[in-house]
2 protein chains.
Amino acid sequence: MAGQAQYEELVRQLSAVGAVRRDLARIMPPDCPAGSGAVLTILDVHGDMHMSKLAEHLAVDLSVTSRQVAHLVARGWIERLPDPVDKRSRILHLTPAGLDRLDDLFRRTTQLLAERLSDWSDDEVGQLIHLMSRLRESFGDCRPHPGRVHAPADTPVIEETTRTPANAHT
Amino acid sequence: MAGQAQYEELVRQLSAVGAVRRDLARIMPPDCPAGSGAVLTILDVHGDMHMSKLAEHLAVDLSVTSRQVAHLVARGWIERLPDPVDKRSRILHLTPAGLDRLDDLFRRTTQLLAERLSDWSDDEVGQLIHLMSRLRESFGDCRPHPGRVHAPADTPVIEETTRTPANAHT
DNA sequence: GGCTTATCGTTGCCCTAAGCAACGATCACG
DNA sequence: CGTGATCGTTGCTTAGGGCAACGATAAGCC
């Protein structure tokens, strides 16, 4: 149990971190409106998935995800394949072009971060990632989020199958 | 110097943390549109200050700060005192009513955080705060960016859906 | 088989946050 | 005392995000 005084500070820092995110968004190419990078990254890391699963990863509304995906599809970076077992669903798949774009985005963020975080140790970055990740988990089911994590045994789980994690770039 | 692979993950977590912030904003009273809490807290912690200083703390544009402050002034939670040594400036001062409101906000966030972070140790929260704070510091002088300066990346839009965002070239 | 209900994704509409630019007012300095 | 810099406010614009309604499909039930 953490001290209450900390919570105040935590909330403030949470807001401040938004500025960092905006800074990162600023160096993105104009046709990559922010969230795009997150979408591509998630598809790259976790492989093909459905809209609902992606929305869950992004922790935003399905409508938002839908628009982001439409944007990316229009540019040929991901494709919406029909799901053979459920014609309502669409399977999101990262295209080679999308991987290229992701590479570009990755290069941009890496450049900026390497510059800004030059005096951070590997361990510190890792800790920050870990703690933020944990924070998000702790807030997981805070609201009526679409797509309860129910994975029926007979449903072919698409996650992490079609495409292997692919840490191709580095 | 941190490993590059981490940067990708860091960016993603940075986005995800936005969801936590939104969750926190959701439990605020309707007349406290998000940033208000941050403003009140900063004034409470750091004492009276000028607009520019506040904007710096919030890491947002002066115009944004100005509107937030106007909102809070209208509700009597802070006041804009004239600066005796510079008639252009205005000194922001937290009123007793503002302190009350801050107390309320504080109670709300504390309640939610205590609930969500019940299994966090005092030390972990402290570390997260410290690391986020440090992150922000590392990004300190990123502000005066005149918008999209880089943009060699443009991709032809492929029509697939009925909607055509197509803001590719402007 | 048909009927009803639940689920998946898309879209329309709205709100808020944030930035840029222009402006009025004031300082600072020649 | 005029010229330029600085502080803050306001108008305009954009992007991100949510809610609700909808069409299409799946799953249950009679």
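Derivation of every value follows stated rules applied to the coordinates shown; laboratory data play no part. What you see is a predicted model; the values in this text were computed from it and never measured.
Things worth noting here:
- Alpha-carbon centroids, the range A:93-139 and the range A:1-55: separation in whole Å: 10
- Under-5 Å amide H pairs with B:H50, H placed in peptide plane, nonlocal only: B:L92
- Based on Cα atoms of the range A:32-135, Rg over Rh with Rh as the Kirkwood radius reads 1.03.
- Segment B:R75-B:M28, length gained on full extension (0.36 nm per residue, minus Cα span): 15.4 nm
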